[in-house]
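Taken together, the values in this text are just the output of simple stated rules run on the coordinates, not laboratory data. Note that the structure is predicted; figures quoted are calculated from it, not measured. Neighbour counts run over all protein chains shown; Cβ positions are idealised from the backbone, glycine included.
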Amino acid sequence: MRSFEFDRERIVQSRAFRRLAGKTQVFTSRESDHFRSRLTHTIEVAQIARQVACALGLNEVLAEALALVHDIGHPPFGHAGERALDACLRRHGRTFDHNLHALRIVEHFEDRYAGHRGLNLTLGVREGIIKHSRDYAASDYPALAEYFLGERPPIEAQIIDLADEIAYLTADLDDGVESGLLEIESICDHIAIMRRSYDAVAAEHPGVEQKFLFHEALQRMQRELTEDLIATTLRKVREAGLKTLEDVRHYKQRVAVFSDAVEAQRLEEKRYLYDTLYTCDTLEAEHDKAAQVVSTLFAWYMESPQRMPAGYVEEAQEQGLARVVADYIAGMTDSFILQQFWAAKSRTPR
């Protein structure tokens, strides 16, 4: 337990963790200070993960550490920035994966301690960083052999991806309404779990203003999703007769799941968010701008690597220039990458 507490402390004290405050969750324009950043989203995921871990009798500190580190590898501009950076790397025969980049951050880039490079995190946390949201084939990633590829991760890691889902499904509806891009009536008309939650809150608080009912309904929906995850995971563990970590590792599938009914409702909400928010004209324009910024800077640094800090130029001799340029860009906050972009534009001959 104490080892995981050290992990949590080093994660929270890392520069990469602090930079999450300046990275996009959904909205890159930040017209309101009330929109979630990648950091505030991370805190919400940690709250849910700890609640689930406590209810299931898991290691709460491990679950919290994994939640706090789960998004540390994201580049600026959210998923739009990640897609753009991946596209740049693919032109050089490489790819960008934010989980694998997070592992590079904690093992290599956070170089601040006297006795070791990186954060010196436990194997359990490092495994969870790369495996919390997907499985990696051992044949495709031989360099990751120590992370039990081909086996299931501990349940503490399995719950992180679903805690992440619960957090952003709740928050993105909230931020969507805050932005004016989503309407409460439309949300309730198209998402069954929100209609049920909103009607229940309205019945308890007749005559209360709509915005207050909506926020109460969001919390009610989050509790329903969380309680279902707890109950379903507990049932799956008992049905499978899992008693030890080895049992979990060698089971045929992950056991941290939603029930079939709630999974269908989750997918309904996710489709609604994709159709009405994530791919709306306003956000698509932001995504296009993000892609332009990332691709322009990537080309700029590839052309003249000396524009990066000296340490990155040295790293390029070992890692390859394309990987190091991607590493540098991925570490930027939204505001810093825009500063670099305009600097590049001002120095580029017309």
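The table below gives the values:
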read-out	value
The stretch 36-183: C-alpha gyration tensor shape, a/c 1.5 cut-off, then a/b vs b/c	oblate
Net charge over other residues, Cβ less than 10 angstrom from the Cβ of K23 (K, R count +1; D, E count -1)	0
Out-of-range pairs (alpha-carbon distance over 31 Å; input K243/K270; K23/K345; K252/K289; K270/K345; K131/K270)	K243/K270; K252/K289; K270/K345
Most fluctuating residue given options Q339, Q158, Q265, as computed from a GNM of the chain linking Cα atoms under 10 Å	Q339
GNM top mover of R36, R50, R19 - the chain, alpha-carbon springs below 10 Å	R19
The stretch 119-170: trypsin sites (Lys or Arg not before Pro) in DSSP coil with no more than 15 other Cβ atoms inside 10 Å	R134
Prolate/oblate/rounded call for the stretch 147-197, Cα gyration tensor, a/c under 1.5 rounded	prolate
Fluctuation leader among Q222, Q210, Q47 - the chain, Gaussian network, Cα springs under 10 angstrom	Q210
FRET efficiency, M302 to E268 (Cβ-Cβ, R0 56 Å, nearest 0.05)	0.85
T279/H250 FRET efficiency (R0 30 Å; Cβ-Cβ; nearest 0.05)	0.15
Charge dipole (the stretch 1-104, unit charges on Cβ, about Cα centre) - positive-most of A84, V12, L58	A84
Local electrostatic count at Q319 - Lys and Arg +1, Asp and Glu -1, tallied over other residues with Cβ under 14 Å	-2
Stretchable slack from D33 to H215, in nm (0.36 nm times residue separation minus alpha-carbon distance)	63.8 nm
Once the Cα gyration tensor of the stretch 267-348 is diagonalised, semi-axes √(5λ) in Å	31, 16, 9
Kirkwood Rh in Å, taken over all unlike Cα pairs in the chain	21.6
Mean residue ellipticity (222 nm) of the chain, computed from DSSP H runs ≥ 4 via -39,500 (n - 2.57), nearest 500	-20500 deg cm²/dmol
C-alpha center-to-center spacing [the stretch 42-94, the stretch 188-243] in angstrom	23
Relative contact order of the chain, pairs being alpha-carbon contacts under 8 Å that are 6 or more residues apart, as %	21
Phi to ³J(HN,Hα) by Karplus 6.51 cos²θ - 1.76 cosθ + 1.60 over the stretch 105-117, Hz, x for Gly, Pro	4, 6, 8, 10, 7, 7, 9, 9, 10, 5, x, 6, 8
Inter-probe distance in nm under a simple model that places probes 7 Å from Cα toward Cβ, at Q319 and R18	2.0
Ellipsoid semi-axes in whole angstrom, largest first, where each is sqrt(5λ) of the Cα gyration tensor of the stretch 182-297	33, 27, 11
